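Undergrad: Once you've had a glance at the structure underneath, I'll fire off some questions.
The values are calculated or read from the model by the stated rules, or taken from the named source; none is laboratory data. Everything quoted here is computed from the prediction, not taken from an experiment. Neighbour counts run over all protein chains shown; Cβ positions are idealised from the backbone, glycine included.
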Amino acid sequence: MNGPIRRLAVGIYVAMGALLVAVTWFQVVRADELKNDPRNARPALTERGKERGLIVTSDGVVVARSVEEEGSRDFVRVYPEGDVYAHVVGYSSHLVGESALERAYTTDLRSRRDLTISDMISAILGRDLRPRNLEITIDSRLQQAAFDALGNHTGAIIAIDPRTGAVRASVSKPSFEPTLLLGAETVANWEDLVTDPGRPLIDRATQEIFAPGSTFKTVVSAAALDTGIAEPGTTFDDPVEFALPGSTATISNATGEPCNDGVTTTMLQGFVRSCNTVFAALTIRVGAEDIGITAEALGWNRDLDYPWDIPRAVWLTDELSRDDAALAQSGIGERDTRATPLHMAMIAAAVANGGVSVTPYLVDRVFDVDGETLETHEIAELGRAMSSATAATLTEMMERVVTEGTGRGAAVPGIRVAGKTGTATGQAGFSNPWFIGFAPVDSPTIAIAVLIEGNAASGDASGGSLAAPIASRVIESWLVGR
Amino acid sequence: MTRRAEWTTLVTASGLAAFGVSLVNFANGGGIDVQVGLTFLVFLIAFGTVATAVHIWAPKATPLLLPSVVAVTAIGFLEIFRLDPIRAGLQRWWLLIGAALASVVLWLLASRGTSVLRRYRNLILLVSVTLLVAPNLPSDWGFPIRGMEVNGSRLWVTIDLGFINVGFQPGELAKLGLVVFMAAYLADHQKALREAHRRVGPFRFPEPRQLIPLLLAWGASVLILVWQRDLGASLLLFAGFVLLLYAATGASGYLVSGAVLALLAGFTAYQAFDHVQRRVIGWLAPFDHFADEGYQIAQGLFALGSGSLSGAGPGLGRPDLIPNAATDFIFAAVGEELGFAASVAVIALYSLLVAVGIGIAFRSRSTFRKLLAAGLTLVFGVQVFLIVGGILRLVPLTGITLPFMSYGGSALVGNLVLVALLLRISHEEAG
């Protein structure tokens, strides 16, 4: 009888071994992932009532602070600028967790004056346990201008300094009041925000990918110029419809007309008038691989270093190199081509910066209570995305878009603005207007992407009619009257 | 291990429980108070009583069992205290009652040995079945013993004596009685069961007639599942019986038929019962059903992940975020506050207990005692696996208790009696 008992014993030991493996999996291998899951309220809960550091804009406006409650030793978090910074600063709530910078920099922002053994040891070693403060790259006037310019539209605006990658404005709408997630009504408010069909908790500037539409023609043009496959003057046939190879489907222009005279046209005309017929042909000429090389140098198909996870921008090089019909559609920023507004602003920034792409960043420095700097951001080049000659040519082409093409709405009196419009397929049959651009052309200090998520309110607005004028107001705020 | 070493470990483990309680106090801004002293005293008195009873009535018993039991009880107690000091106070009373009952069992078996259990097997069966169905008594009749439904399961009996109202789960004691009966029954019929079989491929299958007890046990388990909506007890009872049947006969066909029957019942139950469906959904995708079915499991995993290697520290984590942490999820609570190190230690302690129990079964010369020791150990081991595996998503979560650690008087008493039985068997089989 010992035989069967021995086998059963072995079975139980195997089961106990499985428990050990499973507990190792959850407590060691996946521990950080579980700990940092936004639904895990523990990290924020242990911080309840504790002081957290300041978050200050580059021009000194406090956007998050902790205030000691009267009659208790507990601190409450205050967001003086409310919904304007909701997607950048985020919230730190003991009930629903943390988001954005409050989450990414929580270890710096939190006070370490608590009871954990490691912190007590640090205190004994003379380390500063007071909360640290953040200085962020956002410019408060530009942020407010972008927030106002977006109005009641659903969408996002992100503006970055092309030379350094500093994010000067980042706005997403609909927004929310972070204070709603701090008080007694937190859970009810959270339920409302989560179930809101406008999805106000999502940061459309960095956390959601969209079809970029014709703004992607900048990438195709950069690849074409870099490889020498085309120049602005290169001529193309000028049909009403471009027949997709191996398919009965066609691509036509937004106007339903040919690009020029119906006989021949040029790459420049195709770019300035945003002709899909020209760029469908050009995309096939350049090929999926070379477009992919340029896109990837601009941060596509890979993770970006940012305070939070950015979804990857998508250009399906392998798949498209075997399918010209799909390639042509993807080259005009449709089909499976996807990017966040941040990625699109980076394209404009790289052109503005002479072809070199710089990694965008949000936090300039971490400083202690005495104002002493503890960490500063160092400018990180992502790499050269195109030659400086290509960047110069593309700048001229983009300026023509604003002076005489689809992007005239982005013009700012007295300022040379360059840009590209787009009107991409959005949800439920509505189109998503886009504008990307930079200014001033001779020494650019700001690159911008504007995205409107189309809905019944925006109707059939295009990038030129809706997104470009919004961009104009933001650029004006940055460059005029300072 | 000498008696002296055993006592040293008892005192140390009692000190561990008291130390844990004081750490929880410190975390809450308190200090060393009456709770610390009471905990130390209760642990020392309870386990000192059992150790003394062993010394008098089962002096040749293995000294390896009790220290591990004290250790897991102490770790569990500190976490119960952290979660709910009032329940911890009750748990201390139950610990004293359980220790007393375990000592009484040792005393009762002192003169005539465990074989007396074999003789009264039918009476034990009758009592066990009565205990098992007792929660199905009406909850609103005049008789002072009533059934009670808690969290959708019908496992509780309350005795209302007018001046005091005591609630307990008779199933925890019935479980022991059923194992005793099965061991006795199989010891009697072992020969017949072992010889009457036919081969099908690599498996030895028993004659159809010999399958009747298996089917009866299966039927009883299904009834528990339907009547009392207790997935855990149902599974545990059936697994215990099948494993014991295999231990007695060595016929792998029992394992195969048992698994087939369990799967069949499980699948039907999944189709028919909402509460089983919810368990399965919560098991397979806890994070996709965070708001409802998966909430408890997801919170348990958050607790374990947040505890990480060294744990948050006693009183410094938030295991109170897990629903029913003190009863169902005490393992996750320990993992959160004491860390991976404690999780591993707890699993190791249970493995040690199982190993000692299996060792007792191995060395037993009498068939009955061998099967009893094996049966008690297997049920114990399977129970640990089901609940810890449920928390760690290896198996669907069944709401059974973690022996010695979970809050729950009946379970603590039942498991202390289980240990007393194992100790007695090891005494009888020693030298």
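Undergrad: Among (1) under 21 Å from A:Ser172 (Cβ atoms); (2) assigned to a loop (DSSP other than H, G, I, E, B); (3) modelled with pLDDT of 85 or more, there is one condition A:Asn40 misses while meeting the rest; what is its number?
TA: That leaves (1) as the condition not met.
Undergrad: Let me ask something else. Return yes when A:Ala222 is under 25 Å from the mean Cα position of the chain (by Cα) and under 30 Å from A:Ala349 (Cβ atoms) and no when it is not.
TA: Values: under 25 Å from the mean Cα position of the chain (by Cα): yes; under 30 Å from A:Ala349 (Cβ atoms): yes.
Criteria met by A:Ala222.
Undergrad: Which strands (runs of 3 or more DSSP E) sit wholly inside segment A:108-211 and have at least 3 residues that are touching a helix residue (DSSP H, G or I) at 6+ places or on another chain (Cβ under 7 Å), under 30 Å from A:Gly419 (Cβ atoms) and modelled with pLDDT under 90?
TA: Values: elements: A:133-136, A:155-160, A:167-173.
Fully inside segment A:108-211 and qualifying: nothing.
Undergrad: Let me ask something else. Using the structure shown, decide if A:Ala64 is away from every other protein chain (no Cβ under 12 Å), hydrophobic (A, V, I, L, M, F, W, C) and farther than 30 Å from B:Ala348 by Cα. Steps first, answer last, please.
TA: Numbers: away from every other protein chain (no Cβ under 12 Å): yes; hydrophobic (A, V, I, L, M, F, W, C): yes; farther than 30 Å from B:Ala348 by Cα: yes.
Considered against the rule, which asks whether it is away from every other protein chain (no Cβ under 12 Å), hydrophobic (A, V, I, L, M, F, W, C) and farther than 30 Å from B:Ala348 by Cα, A:Ala64 comes out as yes.
Conditions tested, residue by residue: (1) part of a loop (DSSP other than H, G, I, E, B); (2) in contact with a strand residue (DSSP E or B) (Cβ under 7 Å, 6 or more places away or on another chain); (3) of a type in the set (Gly, Ala, Ser); (4) in contact (Cβ under 8 Å) with a residue 12 or more places away in the chain.
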{"residue": "A:Met16", "(1), (2), (3), (4)": "no, no, no, no"}
{"residue": "A:Leu20", "(1), (2), (3), (4)": "no, no, no, no"}
{"residue": "A:Phe26", "(1), (2), (3), (4)": "no, no, no, no"}
{"residue": "A:Asp32", "(1), (2), (3), (4)": "no, no, no, no"}
{"residue": "A:Gly49", "(1), (2), (3), (4)": "yes, yes, yes, yes"}
{"residue": "A:Ser58", "(1), (2), (3), (4)": "yes, yes, yes, yes"}
{"residue": "A:Pro80", "(1), (2), (3), (4)": "yes, yes, no, yes"}
{"residue": "A:Asp83", "(1), (2), (3), (4)": "no, no, no, yes"}
{"residue": "A:Ala86", "(1), (2), (3), (4)": "no, no, yes, yes"}
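Undergrad: Filter segment B:275-290 down to the residues that are in a loop (DSSP other than H, G, I, E, B) and aromatic (Phe, Trp, Tyr), then identify the one that is nearest to the other protein chains (Cβ to nearest Cβ).
TA: This residue is B:Phe290.
Undergrad: Which residues, taken from segment A:10-24, are farther than 30 Å from B:Leu245 by Cβ and at the interface with another protein chain (Cβ under 7 Å from one of its Cβ atoms)?
TA: A:Val23
Undergrad: Output the residue which, of all residues in segment A:246-256 that are farther than 15 Å from A:Ser214 by Cβ, in contact (Cβ under 8 Å) with a residue 12 or more places away in the chain and under 34 Å from the mean Cα position of the chain (by Cα), is surrounded by the fewest Cβ atoms within 10 Å (Cβ to Cβ).
TA: To start, the set of residues in segment A:246-256 that are farther than 15 Å from A:Ser214 by Cβ comprises A:246-250, A:256.
The next check asks that each one be in contact (Cβ under 8 Å) with a residue 12 or more places away in the chain; those that pass are A:246-247, A:249, A:256.
Then keep just the ones that are under 34 Å from the mean Cα position of the chain (by Cα); that gives A:249, A:256.
On the way: A:Ala249: 12, A:Gly256: 8.
Restricting to residues being farther than 15 Å from A:Ser214 by Cβ, in contact (Cβ under 8 Å) with a residue 12 or more places away in the chain and under 34 Å from the mean Cα position of the chain (by Cα), the top hit is A:Gly256.
Undergrad: Okay, next question. Are there any pairs with C-beta distances below 7 angstrom linking a residue in segment A:433-447 that is surrounded by fewer than 18 Cβ atoms within 10 Å (Cβ to Cβ) to a residue that is assigned to a strand (DSSP E or B) and not aliphatic (A, V, I, L, M), with the two at least 6 apart or on different chains, and if so which?
TA: Cβ pairs passing all conditions: none.
Undergrad: Among the candidates B:Ser111, B:Ser103, B:Ser115, B:Ser68, single out the residue that is free of Cβ contacts under 8 Å to residues at least 12 places away in the same chain and not charged (D, E, K, R).
TA: Being free of Cβ contacts under 8 Å to residues at least 12 places away in the same chain and not charged (D, E, K, R) holds for just one of B:Ser111, B:Ser103, B:Ser115, B:Ser68, which is B:Ser111.
Undergrad: Would you check which residues across segment B:256-265 are at pLDDT 90 or above and either under 25 Å from B:Leu176 (Cβ atoms) or of a type in the set (Phe, Trp, Tyr) (or both) and list them?
TA: Listed by number, the list holds a single entry, B:Ala259.
Undergrad: Filter segment B:333-366 down to the residues that are more than 21 Å from B:Val70 (Cβ to Cβ) and facing another protein chain (nearest Cβ under 7 Å) and list them by number.
TA: Hits for segment B:333-366 are B:Phe340, B:Ala361, B:Phe362.
Undergrad: Given the conditions (1) surrounded by fewer than 16 Cβ atoms within 10 Å (Cβ to Cβ); (2) at the interface with another protein chain (Cβ under 10 Å from one of its Cβ atoms); (3) in contact with a His (Cβ under 9 Å, 6 or more places away or on another chain); (4) of a type outside the set (Ser, Thr, Tyr), and given that A:Arg7 satisfies all but one, which numbered condition is not satisfied?
TA: Only one criterion in (1) surrounded by fewer than 16 Cβ atoms within 10 Å (Cβ to Cβ); (2) at the interface with another protein chain (Cβ under 10 Å from one of its Cβ atoms); (3) in contact with a His (Cβ under 9 Å, 6 or more places away or on another chain); (4) of a type outside the set (Ser, Thr, Tyr) is unmet by A:Arg7, namely (3).
Undergrad: Which of the numbered conditions does B:Arg369 fail, given that it passes all the others? Conditions: (1) facing another protein chain (nearest Cβ under 7 Å); (2) among the charged types (D, E, K, R); (3) closer than 30 Å to B:Ser426 by Cβ.
TA: All conditions are met except number (1).
Undergrad: If I filter segment B:410-430 for residues that are within 15 Å of the chain's Cα centre (by Cα) and either within 9 Å of chain A (Cβ to nearest Cβ) or not in a helix (DSSP H, G or I) (or both), do I get at least one hit?
TA: No: segment B:410-430 contains no residue that is within 15 Å of the chain's Cα centre (by Cα) and either within 9 Å of chain A (Cβ to nearest Cβ) or not in a helix (DSSP H, G or I) (or both).
Undergrad: Continuing with the same structure: Scan segment B:351-394 for residues that are in contact with a Pro (Cβ under 8 Å, 6 or more places away or on another chain) and either farther than 23 Å from B:Val280 by Cα or surrounded by fewer than 23 Cβ atoms within 10 Å (Cβ to Cβ) (or both) and jot them down.
TA: B:Phe380, B:Arg393
Undergrad: A follow-up question, please. Quick one: in segment A:25-49, which of the residues that are crowded, with 17+ Cβ neighbours inside 10 Å and in contact with a Phe, Trp or Tyr (Cβ under 7 Å, 6 or more places away or on another chain) is farthest from the other protein chains (Cβ to nearest Cβ)?
TA: It comes out as A:Asp37.
Undergrad: Restricting the search to segment A:221-253, which residues are part of a helix (DSSP H, G or I) and over 22 Å from A:Thr425 (Cβ atoms)?
TA: A:Ala222, A:Ala223, A:Ala224, A:Leu225, A:Asp226, A:Thr227
Undergrad: Which of the residues belonging to segment A:375-390 are in a strand (DSSP E or B) and touching a Lys or Arg at 6+ places or on another chain (Cβ under 8 Å)?
TA: A:Glu375, A:Thr376
Undergrad: May I ask you to list the residues in segment A:307-323 that are assigned to a loop (DSSP other than H, G, I, E, B) and either charged (D, E, K, R) or surrounded by fewer than 17 Cβ atoms within 10 Å (Cβ to Cβ) (or both)?
TA: Once the filter is applied, which keeps residues that are assigned to a loop (DSSP other than H, G, I, E, B) and either charged (D, E, K, R) or surrounded by fewer than 17 Cβ atoms within 10 Å (Cβ to Cβ) (or both), segment A:307-323 yields A:Trp308, A:Asp309, A:Pro311, A:Arg312, A:Ser321, A:Arg322, A:Asp323.
Undergrad: Now for a different question. For segment B:160-175: of the residues being among the aliphatic types (A, V, I, L, M) and surrounded by fewer than 22 Cβ atoms within 10 Å (Cβ to Cβ), which is nearest to A:Asn2 (Cα to Cα)?
TA: This residue is B:Leu173.
Undergrad: Is segment B:267-274 home to any residue that is among the charged types (D, E, K, R), more than 11 Å from chain A (Cβ to nearest Cβ) and touching a Lys or Arg at 6+ places or on another chain (Cβ under 9 Å)?
TA: No: segment B:267-274 contains no residue that is among the charged types (D, E, K, R), more than 11 Å from chain A (Cβ to nearest Cβ) and touching a Lys or Arg at 6+ places or on another chain (Cβ under 9 Å).
Undergrad: On to the next question. Please go through segment B:291-332 and give me each residue that is within 10 Å of chain A (Cβ to nearest Cβ), buried (at least 17 other Cβ atoms within 10 Å of the Cβ) and under 16 Å from A:Glu33 (Cα atoms), ordered by number.
TA: Correct list: B:Ala298, B:Gln299, B:Gly300, B:Leu301, B:Phe302, B:Ala303, B:Leu304, B:Gly305, B:Ser306, B:Gly307, B:Ser308, B:Gly311.
Undergrad: Would you confirm whether or not segment A:339-348 contains a residue that is under 12 Å from the mean Cα position of the chain (by Cα), modelled with pLDDT of 95 or more and surrounded by fewer than 24 Cβ atoms within 10 Å (Cβ to Cβ)?
TA: No, that holds for no residue.
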